[in-house]
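Got a structure for you, questions after.
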């Protein structure tokens, strides 16, 4: 299907497309902290920001977060320029910088702080202003005050080029106008920071049949509107049903497809929205299945260690194997249980994850909990080496699947991991409580299983013992086979394969990539005419040794074109297959896993 026809079909999916964000009529808010973001200079990639702080008595200290969207200290202050301040009468106020991310302003009454922020990085984990669009995560642009983070705030976005519209999960104030300015409100800085904004000539539609409504916004090309709507509807309907209802008043998908996805692939979850970037809509449903499930797991079913958010420093948690890894489990479940994947495709994905973690020597000594705690080290290329780390995404996904089998086997397929997630939603999220990662996950799993799981958690979540594939998989009529195979090799490794900018972490000395001039630290901005694949390991499966790989890389201020043949290497492949002649009990558990059902207790 051509790009033009894809867009045309996308436009025709819902009669209510023109509604945009649901409007909430309100009178102007008084005595709240207000932010204004001007898009007047898209060609310079500069956001002009004004922060208005009422009720200042003597001085106010403002900060910009050191991190957001990724578990990495990224020091957004290095994007900030020309901080200045004044009073409501137009007088200039003294600004004193305290540290790399804090400023003190001396004044009384209403204080106005103005500054510029440069951003031109694509993808859901950054911000960007150019002639095509503006996308920003508010925490990357907006200052906050520690003592007033819980106050109501407003955000005004103005000076958009003609024809641009705005999309965000924030509540509008007044009636939306074209081309703006647009005004929104939030109950706190944290709520504002958790609502990314897209301004462009995007296309949009509402998913049919959903209340509360789900809006889909697409900036870019290379997307099939009908397939996107159909697949998203299946995923959202399944996950909402699984968890007993939608936890939002409205939800927003922000997609960047095609050329608009240049920079970083993957998705970023938010409380009432997600931002997803991928070269084509073909894999959009898979990413959406993960990000939409985050509505519950991590955004509302949330560990105590992540609350309250501390924007100034690392915020460690040992629960990412559950928050991210088990969300991976449900990404795969949603795709299989809705028919978007076959059972064979589900088992293939599980096999790939097992192969990945077992091929990393660090898996022998780094537990799922330790991997979670060390997420903040992922920005260092050395840490990405197989000897130093194992993914809490992949290890958590496999652990979630194995735990599901254990619960089903313990109860005669009467209960499952689904019950654990629903119980955590009921006992914590809906009561506004945060779980204790040291005990509450295990406690809920034990209630579902009807027995102690202390040994399982101690050995495999807290510890790094070899995972019990043979024993546990057999309970579901499955087995793990191993074999050797020759496979194509990139000759280099990316520091971040899944949800961050594609940076070259290591180049094999003497290999084709090395000979072609690829260097550690290069940013991959083009890969065979598209963006870097979300899963390079899976990309390799459809290619052969000796095939040419063409890369566009950014090195400093220079953009280079490189081409070289893929190499070859031997790997041990793990494959999960169904056991021949399995028992009725084993078949019932496997069927329950496939369909998301349980049966009567034996």
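The values are calculated or read from the model by the stated rules, or taken from the named source; none is laboratory data. This one's a predicted model, so the numbers in the text were calculated from it and none came from an experiment. Virtual Cβ from ideal backbone geometry, glycine too; neighbours counted across all protein chains shown.
Here are 298, 309: which of them is more than 22 Å from residue 167 (Cα to Cα) and under 16 Å from the mean Cα position of the chain (by Cα)?
On inspection, the qualifying residue turns out to be 298.
Just the residues that are in a helix (DSSP H, G or I) and over 24 Å from the mean Cα position of the chain (by Cα), please, taken from region 131-151.
146, 147, 148
Regarding region 96-105, can at least one residue be identified that is under 25 Å from residue 71 (Cβ atoms), touching a helix residue (DSSP H, G or I) at 6+ places or on another chain (Cβ under 8 Å) and surrounded by 16 or more Cβ atoms within 10 Å (Cβ to Cβ)?
Yes, region 96-105 contains a residue that is under 25 Å from residue 71 (Cβ atoms), touching a helix residue (DSSP H, G or I) at 6+ places or on another chain (Cβ under 8 Å) and surrounded by 16 or more Cβ atoms within 10 Å (Cβ to Cβ).
Could you pull out every one of the strands (runs of 3 or more DSSP E) wholly within region 517-602 that has 2 or more residues that are in contact (Cβ under 8 Å) with a residue 12 or more places away in the chain, under 30 Å from residue 410 (Cβ atoms) and outside the structural domain of residue 418 (by TED's automatic domain parsing)?
Here the list reads 567-578.
Tell me the residue from 429, 445, 464 that is in contact with a helix residue (DSSP H, G or I) (Cβ under 6 Å, 6 or more places away or on another chain) and modelled with pLDDT of 95 or more, please.
The conditions single out 445.
Report, by residue number, each residue of region 470-510 that is part of a loop (DSSP other than H, G, I, E, B), at pLDDT 85 or above and more than 30 Å from residue 414 (Cβ to Cβ). Write out each step before concluding.
The initial filter retains those residues of region 470-510 that are part of a loop (DSSP other than H, G, I, E, B), namely 476-477, 490-491, 495-502, 508-510.
Now narrow it down to the ones that are at pLDDT 85 or above: 476-477, 490-491, 508-510.
Hits for region 470-510 are 490, 491, 508, 509, 510.
Okay, next question. Collect the residues in region 359-384 that are farther than 25 Å from residue 438 by Cβ, more than 22 Å from the chain's Cα centre (by Cα) and assigned to a loop (DSSP other than H, G, I, E, B), keeping them in residue-number order.
Listed by number, the residues that qualify are 359, 360.
Right, next: Scan region 449-465 for residues that are in a loop (DSSP other than H, G, I, E, B) and touching a residue at least 40 places away in the same chain (Cβ under 8 Å) and report the count.
The qualifying residues number 5.
Here's a follow-up. Is there a residue being touching a residue at least 60 places away in the same chain (Cβ under 8 Å), part of a loop (DSSP other than H, G, I, E, B) and in contact with a helix residue (DSSP H, G or I) (Cβ under 6 Å, 6 or more places away or on another chain) anywhere in region 69-82?
yes
Moving on to the next point. Condition test on residue 258, is it modelled with pLDDT under 95, surrounded by fewer than 23 Cβ atoms within 10 Å (Cβ to Cβ) and touching a strand residue (DSSP E or B) at 6+ places or on another chain (Cβ under 6 Å)?
So residue 258 fits the description; yes.
So, one more: Out of 86, 109, which single residue is at pLDDT 95 or above, loosely packed, with under 14 Cβ neighbours inside 10 Å and closer than 24 Å to residue 147 by Cα?
Answer to the selection: 109.
Another one. Restricting to region 353-373, name every residue that is more than 24 Å from residue 71 (Cβ to Cβ) and touching a helix residue (DSSP H, G or I) at 6+ places or on another chain (Cβ under 7 Å).
354
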